[in-house]
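Worksheet: the structure to be examined is printed underneath.
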Amino acid sequence: MPATHPSPRRPFAALLAALLAALVALVTLTACGSDSDGGSGKPAAAATSAAATTHEVVDMSGRHVTVPTHPNRIVTNYPAVTQIIFMLGGIERVAGVPLSNLTTLPLFKKIYPPLAQKKAVFGADTTTVNTETLLAQKPDLVVLSSGNASLVKKITDLGVPVVQIASFPNYSKLNDGVTFLADVLGGDSPKRAQQYVEYVDGNVAQINKGLASLPATDRPKLYYTANNPLNTEGGGSIIDNWSTLAGGTNVATVNGVQGTMKDVSIESIVKWDPEYVFCRDASSCTKIQADPRWSSVAAVRDKHLIVNPRGVFVWAARSAEEALQPIFVAKTLHPAQFADVSVEQEIKDFYKTFYSYNLTDAEVTGILNPTTP
């Protein structure tokens with residue numbers, strides 16, 4: 001009988017069987033590893049990719065919104081929000097802004113010249129939106145000031161996610177707003193926000209310490225002009241917050257005014273007789289000086305008409321530069337208690353820290369003595 005020889009195909013079959021067995025073992029081991037981590041059995045790379053694309057946030061109006069994890073085409077409707085995004089390092093990702101970001105606050109454009117090339121998606125009133133211009137920016141996120149449900153619906157119906165930033169009635173809410181926006185932006189923005197919160201809290205603590213022994217009788221009466229000399233803000237506003245924090249008394253609040261942008265009569269102001277008037281806009285102080293009806297008011301008689309500082313945004317009302325406002329007001333009202341505080345140096349330090357910009361002395365003077373609007 002002829003000798004038998006092994007088939008040349010058998011070694012290959014054996015090798016193939018061994019490889020298949022090893023592959024099965026590897027798949028089984030991977031599956032077991034997923035189970036031990038509490039996974040669902042989905043491929044890890046796919047799950048990570050999906051998780052990195054979007055996530056859900058609860059905005060400051062309480063809405064649950066799915067937003068990009070790293071939004072790259074952001075549109076804002078409120079100029080102070082644009083400024084906060086700038087402070088948080090996300091301004092390059094802003095594709096559209098309200099008109100007033102382009103027509104007012106020249107220092108913002110000086111520090112960040114590309115701002116002038118951003119598209120005006122919203123009107124100066126912040127609620128009028130050009131939907132064609134909006135969609136042309138291909139936004140992946142719109143940030144709105146809260147309180148306009150119809151505007152939110154109009155934009156979300158276009159398929160663009162919207163988050164709302166609530167008005168800042170006090171410094172705690174200001175910190176919350178900056179922190180929320182930083183979380184939405186992602187990247188290193190949360191770290192920047194934490195630095196800002198620590199700065200605000202430090203200023204509040206410093207002022208509280210300086211005024212700890214201040215008698216109630218030594219708190220000057222303040223009046224604040226908002227949209228015009230006969231428009232003010234009372235209880236529940238951040239104006240009332242910094243007035244009290246800085247050692248003053250908001251006469252509007254004491255006399256029952258609540259909320260923001262409230263009209264009052266000249267007769268009421270004369271009766272309230274504020275010792276200091278802080279004008280949000282230089283034009284309001286000019287009008288007061290020219291109006292004989294104000295001549296008997298203590299602030300006018302004693303030349304205590306104060307034009308409020310403004311830099312990248314006005315300090316007095318609902319912006320990140322609100323952090324500087326109580327220092328300025330406390331120093332103005334109580335110079336003896338804050339003799340060692342240099343407002344000028346505070347401004348320079350703030351701009352260096354939060355905008356990476358070195359202000360000149362002339363620029364600081366311009367911030368403290370604005371002439372427009």
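The values are calculated or read from the model by the stated rules, or taken from the named source; none is laboratory data. The structure presented is a predicted model; accordingly, all values stated were derived computationally and were not measured. Positions of Cβ are generated from backbone atoms using ideal geometry, with glycine treated the same way; all protein chains shown enter the neighbour counts.
General remarks:
- Hits in segment 333-349 - residues which are under 22 Å from the mean Cα position of the chain (by Cα) and over 14 Å from PRO309 (Cα atoms): ASP349
- Strands (runs of 3 or more DSSP E) within segment 69-150 that include 1 or more residues more than 24 Å from ALA323 (Cα to Cα) and in contact (Cβ under 8 Å) with a residue 60 or more places away in the chain: 74-76, 141-145
- All positions within segment 306-321 that are under 19 Å from ALA282 (Cβ atoms), in contact (Cβ under 8 Å) with a residue 40 or more places away in the chain and either assigned to a helix (DSSP H, G or I) or in contact with a Pro (Cβ under 7 Å, 6 or more places away or on another chain) (or both): VAL307, PRO309, ARG310, PHE313, GLU321
- Given (1) surrounded by fewer than 19 Cβ atoms within 10 Å (Cβ to Cβ); (2) in contact (Cβ under 8 Å) with a residue 12 or more places away in the chain; (3) of a type outside the set (Asp, Glu); (4) in a loop (DSSP other than H, G, I, E, B), number of the condition LYS303 does not satisfy: (2)
- Across segment 168-191, the number of residues qualifying as surrounded by fewer than 19 Cβ atoms within 10 Å (Cβ to Cβ), in contact (Cβ under 8 Å) with a residue 60 or more places away in the chain, in a helix (DSSP H, G or I) and in contact with a helix residue (DSSP H, G or I) (Cβ under 7 Å, 6 or more places away or on another chain) comes to 1.
- Residue count, segment 258-280 (criterion: over 20 Å from GLN325 (Cβ atoms) and out of contact with any Lys or Arg (no Cβ under 6 Å at 6 or more places or on another chain)): 11
- Residue, farthest from VAL364 (Cα to Cα), within segment 108-134, restricted to residues that are among the polar types (S, T, N, Q) and either modelled with pLDDT of 95 or more or over 20 Å from the mean Cα position of the chain (by Cα) (or both): THR131
- Subset of segment 49-68 (residues that are surrounded by 13 or more Cβ atoms within 10 Å (Cβ to Cβ) and assigned to a loop (DSSP other than H, G, I, E, B)): ASP59, MET60, SER61, ARG63
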